[in-house]
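Let me begin by presenting the structure, written as structure tokens, before commenting on it.
The values are calculated or read from the model by the stated rules, or taken from the named source; none is laboratory data. Source: prediction; values computed, not measured. So basically every Cβ, Gly included, is an ideal-geometry build from the backbone, and we count neighbours across all protein chains shown.
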Amino acid sequence: MANKSQPFEYAPAPESRSIVDIKPSYGLFINGEFVDGTGKSFKTISPSTEEVLAEISEASDADVDLAVKAARRAYTRVWSKMSGAERGKYLFRIARIIQERAREFAVLESIDNGKPIKETRDVDVPTVAAHFFYYAGWADKLGYAGYGDDPQPLGVAGQVIPWNFPLLMLAWKIAPALACGNTVVLKPAETTPLTALLFAEVCQQADLPPGVVNIVTGAGGTGRAIVSHPDVNKVAFTGSTEVGKAIARAVAGTDKRVTLELGGKAANIVFDDAPVDQAVEGIVNGIFFNQGHVCCAGSRLLVQESIADEVLAKLKRRMKTLRVGDPLDKNTDIGAINSAEQLAKIRELSEIGEAEGAERWSPKCDLPSTGFWFPPTIFTGVSQAHRIAREEIFGPVLSVLTFRTPKEAIEKANNTPFGLSAGVWTEKGSLILWAASQLRAGVVWSNTFNRFDPASPFGGYKESGYGREGGRHGLEPYLKNDGAR
Ligand code: NAP
Ligand code: MG
């Protein structure tokens, strides 16, 4: 319905899904081929329609063992022997194929994950290609990365990723591993396996030697089998802090190297001299991008008390213009919540927010009747003790807190077990630099939010995990650390 802040209607602008060819069922990608798994199978659905998209194999321990063996053979016989320049050629080829097939990847990701096509098209897929291009460039220059003259790979990397950025997390894992000369066994999340399986086809198209990349689909048990496999040299995990802790326990006492990218509860701090309209855009991007399914989401807004009323009024006005609905519509801002389980978690924490006394507000929006949906929501009157200020909601829900002095802002921002990211909005360069030095967060954005660049390292402090992905730093977890620094 047209309203005052939205005086016209948008015509539907659906992206065609005819470009993707979703098969009724998929096997596992082991040693360069799709093979039948020996385990059970499960279904992946479209979270916006609940339509079953395909039957997916659940890799058993035996299947994971086959994949690790294939990765080991490829590592020993081919990949670790190949020159960096040759490895780089494969990575450049993969990057180019992803660009060529960008629309296919974008549509498939939107269907399987529920995120809006404008994000998969303009953010996820271009960033994936950029990541492969970036690490392709490092493959023949590893001796100049600061990890010794001739740094050596680790061997087989076992990689487990979440559902919020399925293809992008795959790129963050596979590109540096391969550039450094490792081979991989990767498990995508149970609810979003399809773009990883399409990536397997890209590996075939690029003539990547069999076994260099193996994709095994499945649930938590498959992830556990990868992590605990004795012939895996390196574990790379992105997901929840809870599972991250279990993985840290599982590899303790082994000589496996581990990196963990876990949860977050980032503070987005708006000082009283900030350009307010720009900050409102940054607040919206910080929490409503990707339905708030973002580990580094700006889920705690800290706004200086003197401008809080103005910021909130403008934020609410802006939120009334957000369009929630069909992920394949090019005008959609907020798509579907990824799963019924995640929707239940968002609902539960939001109800707890109200029960604890915070005030809940959402713009009026008509949500589709099938699929999993949650309106963009803000909570005001939030105190630091509230669970919605402490726990990751991983949905389109913002907790608003206020502060009076910069010192109080930093104290509140750092008052969290997490430390993945933070945002600072102010016109003063000196305040940006001071705040960035005080914030205990791996990434601090100033006058922007949720920017990702392959050249820039990303990772956490405290319960947000350890290790860095991206940039020169992202090579280190995939190289033996006995080289000179
Ligand atoms: P999750 O439950 O921890 O799952 C992550 C991955 O681990 C999935 O592939 C999952 O399989 C698998 N898994 C589950 N149990 C396992 C086990 N015991 N051993 C090995 N693997 C196991 O997290 P999620 O719900 O998918 O993702 C949301 C979380 O990820 C949020 O907390 C978010 O903050 C975090 N995240 C962090 C970053 C970062 O860079 N720091 C980025 C994105 C997301 P299933 O799919 O079958 O569950
Ligand atoms: Mg799905």
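Of all the criteria given as (1) crowded, with 24+ Cβ neighbours inside 10 Å; (2) within 16 Å of ligand 2 (Cβ to nearest atom); (3) of a type in the set (A, V, I, L, M, F, W, C), the one not satisfied by V216 is (2).
Does G286 meet the test of being under 28 Å from T405 (Cα atoms), in contact with a Ser or Thr (Cβ under 7 Å, 6 or more places away or on another chain) and not in a loop (DSSP other than H, G, I, E, B)? Here the answer is no, as G286 does not meet what is asked.
Taking the conditions exactly as written (within 30 Å of S446 (Cα to Cα), within 10 Å of ligand 1 (Cβ to nearest atom) and touching a Pro at 6+ places or on another chain (Cβ under 9 Å)), does T217 satisfy them or not? Spelling it out, it is not the case that T217 is within 30 Å of S446 (Cα to Cα), within 10 Å of ligand 1 (Cβ to nearest atom) and touching a Pro at 6+ places or on another chain (Cβ under 9 Å).
Restricting attention to segment 255-311, the residues being among the acidic types (D, E) and either within 16 Å of ligand 2 (Cβ to nearest atom) or under 18 Å from the mean Cα position of the chain (by Cα) (or both) number 1. Scanning segment 421-433 for residues that are loosely packed, with under 15 Cβ neighbours inside 10 Å and aromatic (F, W, Y) yields a count of 0.
Entry remark, segment 249-283: residues being closer than 24 Å to N415 by Cα and in a helix (DSSP H, G or I) number 4 in total. Looking at I98, I161, can you tell me which residue is more than 27 Å from P230 (Cβ to Cβ) and among the hydrophobic types (A, V, I, L, M, F, W, C)? It is I98.
Selection of segment 103-143 for residues being among the charged types (D, E, K, R) and either part of a helix (DSSP H, G or I) or over 18 Å from W373 (Cα atoms) (or both) yields R103, E104, E109, D112, K118, E119, R121, D122, D124, D140, K141. Please tell me if G211 is surrounded by 24 or more Cβ atoms within 10 Å (Cβ to Cβ) and near ligand 1 (Cβ under 7 Å from one of its atoms). The answer is no for G211. A single member of G253, G282 is small (G, A, S) and in the same structural domain as P368 (by TED's automatic domain parsing), and it is G282.
With the requirement that a residue be part of a helix (DSSP H, G or I) and under 30 Å from V107 (Cβ atoms), what does segment 316-373 give you? Listed by number, the residues that qualify are R318, M319, A340, E341, Q342, L343, A344, K345, I346, R347. Filtered by the rule that a residue be buried (at least 16 other Cβ atoms within 10 Å of the Cβ) and farther than 16 Å from S299 by Cβ, segment 441-455 gives S446, F452, P454.
Checking each residue in segment 178-190 for being within 16 Å of ligand 1 (Cβ to nearest atom) and buried (at least 24 other Cβ atoms within 10 Å of the Cβ) picks out V184, V185, L186, K187, P188, A189. Selection of segment 35-72 for residues being farther than 30 Å from I337 by Cβ and surrounded by fewer than 18 Cβ atoms within 10 Å (Cβ to Cβ) yields V35, D36, T38, D61, A62, D65. Where strands (runs of 3 or more DSSP E) sit wholly within segment 27-72, those with at least 3 residues that are more than 16 Å from ligand 2 (Cβ to nearest atom) and either at pLDDT below 95 or over 25 Å from the mean Cα position of the chain (by Cα) (or both) occupy 33-35. Of all the numbered requirements in (1) buried (at least 24 other Cβ atoms within 10 Å of the Cβ); (2) over 19 Å from the mean Cα position of the chain (by Cα), F199 misses one, and that requirement is (2). Just to be sure before I move on: is E476 buried (at least 17 other Cβ atoms within 10 Å of the Cβ), farther than 16 Å from C180 by Cβ and either within 16 Å of ligand 2 (Cβ to nearest atom) or not aliphatic (A, V, I, L, M) (or both) in the structure I sent? It is false that E476 is buried (at least 17 other Cβ atoms within 10 Å of the Cβ), farther than 16 Å from C180 by Cβ and either within 16 Å of ligand 2 (Cβ to nearest atom) or not aliphatic (A, V, I, L, M) (or both).
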